[in-house]
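Report on one structure; see the data block that follows.
The values are calculated or read from the model by the stated rules, or taken from the named source; none is laboratory data. Just so it is clear, the structure is predicted and the values come from calculations on it, not from any experiment. Here the Cβ is made from the backbone with ideal geometry for all residues, glycine too, and neighbour counts use every protein chain on show. Surface accessibility is based on the protein's heavy atoms, side chains included, excluding ligands, DNA and RNA. Shrake-Rupley method; radii C 1.70, N 1.55, O 1.52, S 1.80 Å.
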Amino acid sequence: MAVCCDLEADINGEETFLLDKKIICSFSGRLSKLFGKSTGANRNKVIFNDFPGGAENFELISRFCYNNGEIDINPSNISLLYSAAEFMEMSKSVSGNCNLLEKTKKCIEELGYWTWPDLLVALKHCQEMQQVATSSGILEKCLDSIVGRLAITSEASPCASTSSPDSSGLRLSCDTRSTESLKNSFSRANWWFEDLSVLSPNLVEMLVKSMVSRKYNQVIISRFLLYYQKSKFFTASSDEKRQVLEIVIDGLYTLDPSCISCKSLFGILRVVLNLNISKSSRNKLECMIGSQMDQATLDNLLIPSPYGTSYLYDVNLVLRFLKAFLCEGGWRLSPTRMKKVASLMDLYIAEVAPDPFLRLSKFLALVVALPDSARDCWDELYHAIDVYLEVHAGLSEEEKLKICCALNYEKLSSDACVHLSQNAKFPSKSSVQALVSQQLKLKNLLQGTKNSKPDMDSPCKLNETRGKAKKGEGSGQVVLYSGRLDISGDNENLRAHLQGMQWRVIELEKLCKKMQAQMAKLMKSKTPPTHSTARSLPRLCS
């Protein structure tokens, strides 16, 4: 008995095996080199502290040696046997054709012919020994086979789509059969989600990279990542959730932005707020949301401020979204997208303006975040500023002027200008600037009216037009104020003076509209009959 058990093997401190040294050395190059041609009767001892797979795997290769090089190699043990065969140097040079390394390599080469369940079993065992499986190449080949199998099934079924995970974007037919067929095709595209959701985050990262490199449908990839995140969160700890989220965000960042909806990204953001994920992953998520800012809603942006801050909503986060939106699009941003974001920001600014703890610098940053060209009308911003000045009544005149300087008075409506001129919360300079801007617009309007008057050089037609314009109007004389305003006097006197000026502006605007209506009638009366073949040339204005 002592002769048959002359080798003692301590495996990673887990278990000790008593073996026949001659049998083991005939298959292992490592032990053969260690003991040489020793034939002593004394028992030898070998200690392995880093044996791959531990005592369970050492027992497998021991059975292989005692069975004269025969063992059942299957998906559940192939990664273990291959790693142990490399560790023990069980190659052809030691035991000829009955070597474990060659047998496992041959099985790995045939991996592409394995069934789907066999591939899953092998992949699960690879993740238990990921470092060894990665270095040996088994893991990469297993992932390639899985992605190749998914690509074949994807091409075979009509499940490709360019829509986002939340909205299919397909025009469903009224035919019930058609609708059911589409539902079935989408379910066929997602059949593998549950099978692969058991993988570790690192393996999912490798899987997604392999799919992207093989040009797999990115919409389906994004759906799988969202499914993976939700399925893992049921039983995961905080650390595990953070790792899963980072892998999901990094994976989504590599995909085309159109493959995931803005709603889904905000859903991830709500989860991220409660977890301390890496700064890199957070920046990637903010960039993805910013690039789709034109699809966001006001509810999406109303995110509570971080713990420890006094203001109500996280304004800094929204400013980062805007920065990402402008940087991502640059000169390629369409006016339509820009105007959508401007309308959204007007709503957001109106929502945060009543916050008494919102600092002036943050409020002003929101107002000037977008270029002037993004808005056709600044009335909404004016009303938001009005609310902010009312809530923050303690602001100095200089601070109020900083906000008012951000207003584009030329894009304020007449009603807004009138309201501003009477608004005691605004500085006097702003009131004057609003009315002057309104007068300039009316002057330009009148100038354009004069330049477009048809045949007004005829005295009879000029008198006719004047007569029509004066009907029911009495005296149509309006005097424009052209003097220089003295804003150094008392504010109340100035406001009284501005109020009189404002009524003259309103009367001028009414007269301008009536003149336009009269000219439209003249143009209509001068239109030649349809049966006439002769056309008179327009008169050239000198």
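Residues of the stretch 263-279 include at least one that is more than 30 Å from PRO356 (Cβ to Cβ), of a type outside the set (S, T, N, Q), open to solvent by less than 40 Å² (accessible area, probe 1.4 Å) and in contact with an Asp or Glu (Cβ under 7 Å, 6 or more places away or on another chain).
Could you list all residues from the stretch 384-393 that are part of a helix (DSSP H, G or I) and either of a type in the set (Lys, Arg) or open to solvent by 70 Å² or more (accessible area, probe 1.4 Å) (or both)? Answer for the stretch 384-393, where residues must be part of a helix (DSSP H, G or I) and either of a type in the set (Lys, Arg) or open to solvent by 70 Å² or more (accessible area, probe 1.4 Å) (or both): just GLU390. Taken as a whole, the structure leaves ASN276 outside the set of residues that are under 11 Å from the mean Cα position of the chain (by Cα) and more than 13 Å from PRO257 (Cα to Cα). Would you confirm, using the coordinates I've provided, whether LYS340 is buried (at least 16 other Cβ atoms within 10 Å of the Cβ), among the basic types (Lys, Arg) and within 22 Å of LYS429 (Cβ to Cβ)? No.
Going through (1) open to solvent by 70 Å² or more (accessible area, probe 1.4 Å); (2) touching a residue at least 40 places away in the same chain (Cβ under 8 Å) one by one, GLY308 falls short only on (2).
Being surrounded by 19 or more Cβ atoms within 10 Å (Cβ to Cβ), at pLDDT 95 or above and within 28 Å of ARG149 (Cβ to Cβ) is not true of LEU301. Scanning the stretch 209-226 for residues that are more than 21 Å from VAL272 (Cα to Cα) and open to solvent by less than 10 Å² (accessible area, probe 1.4 Å) yields MET211, VAL219, ILE220. Candidates are the residues of the stretch 360-369 that are farther than 12 Å from ASP314 by Cα and open to solvent by 10 Å² or more (accessible area, probe 1.4 Å); the one that is nearest to the chain's Cα centre (by Cα) is ALA369. Taking the stretch 19-111 and the helices (runs of 4 or more DSSP H) fully enclosed by it, the elements with 2 or more residues that are open to solvent by 40 Å² or more (accessible area, probe 1.4 Å), in contact (Cβ under 8 Å) with a residue 60 or more places away in the chain and out of contact with any Pro (no Cβ under 6 Å at 6 or more places or on another chain) are at 92-95.
Could you give every pair whose Cβ atoms fall below 6 Å, whose first residue belongs to the stretch 326-337 and is modelled with pLDDT of 90 or more, and whose second residue is of a type outside the set (Phe, Trp, Tyr), counting only separations of at least 6 or pairs across chains? Here the result reads ARG337/ASP294, each pair linking the stretch 326-337 to a residue that is of a type outside the set (Phe, Trp, Tyr). For the stretch 136-148, the criterion of being open to solvent by 20 Å² or more (accessible area, probe 1.4 Å), in a helix (DSSP H, G or I) and touching a Lys or Arg at 6+ places or on another chain (Cβ under 8 Å) is satisfied by no residue at all.
Can you name every residue in the stretch 403-419 that is in a helix (DSSP H, G or I), farther than 23 Å from ASN444 by Cα and of a type in the set (A, V, I, L, M)?
Initially, the stretch 403-419 is screened for residues in a helix (DSSP H, G or I), giving 403-404, 409-411, 414-419.
Checking the rest, the ones that are also farther than 23 Å from ASN444 by Cα come to 403-404.
Answer for the stretch 403-419, where residues must be in a helix (DSSP H, G or I), farther than 23 Å from ASN444 by Cα and of a type in the set (A, V, I, L, M): just ILE403.
Being small (Gly, Ala, Ser) and open to solvent by less than 10 Å² (accessible area, probe 1.4 Å): is that true of SER334 here? Give the derivation first.
Working: small (Gly, Ala, Ser): yes; open to solvent by less than 10 Å² (accessible area, probe 1.4 Å): no.
When the stated conditions are applied, SER334 does not pass them.
Could you check, for the stretch 394-402, whether at least one of its residues is assigned to a helix (DSSP H, G or I), in contact (Cβ under 8 Å) with a residue 24 or more places away in the chain and open to solvent by less than 20 Å² (accessible area, probe 1.4 Å)?
Narrowing the stretch 394-402 to residues assigned to a helix (DSSP H, G or I): 397-402.
Now restrict to residues that are in contact (Cβ under 8 Å) with a residue 24 or more places away in the chain: 397, 399-402.
Pick out the ones that are also open to solvent by less than 20 Å² (accessible area, probe 1.4 Å) and you get none.
Scanning the stretch 394-402, I find no residue that is assigned to a helix (DSSP H, G or I), in contact (Cβ under 8 Å) with a residue 24 or more places away in the chain and open to solvent by less than 20 Å² (accessible area, probe 1.4 Å), so the answer is no.
Note on the stretch 188-240: residues that are closer than 19 Å to LEU255 by Cβ and outside any helix (DSSP H, G or I) amount to 8. Note on the stretch 227-236: residues that are open to solvent by 60 Å² or more (accessible area, probe 1.4 Å) and either modelled with pLDDT of 90 or more or under 21 Å from the mean Cα position of the chain (by Cα) (or both) total 2. Pairing residues of the stretch 195-206 that are more than 15 Å from ALA122 (Cα to Cα) with residues that are in a helix (DSSP H, G or I) and open to solvent by 60 Å² or more (accessible area, probe 1.4 Å), at Cβ distances under 6 Å and at least 6 apart in sequence or on separate chains, gives PRO201/GLN243. Only one of the listed residues (VAL208, VAL212) is out of contact with any Gly (no Cβ under 6 Å at 6 or more places or on another chain) and among the hydrophobic types (A, V, I, L, M, F, W, C). That residue is VAL212.
Take GLY308 and decide whether it is of a type outside the set (D, E, K, R) and on the phi > 0 side of the Ramachandran plot. Criteria met by GLY308.
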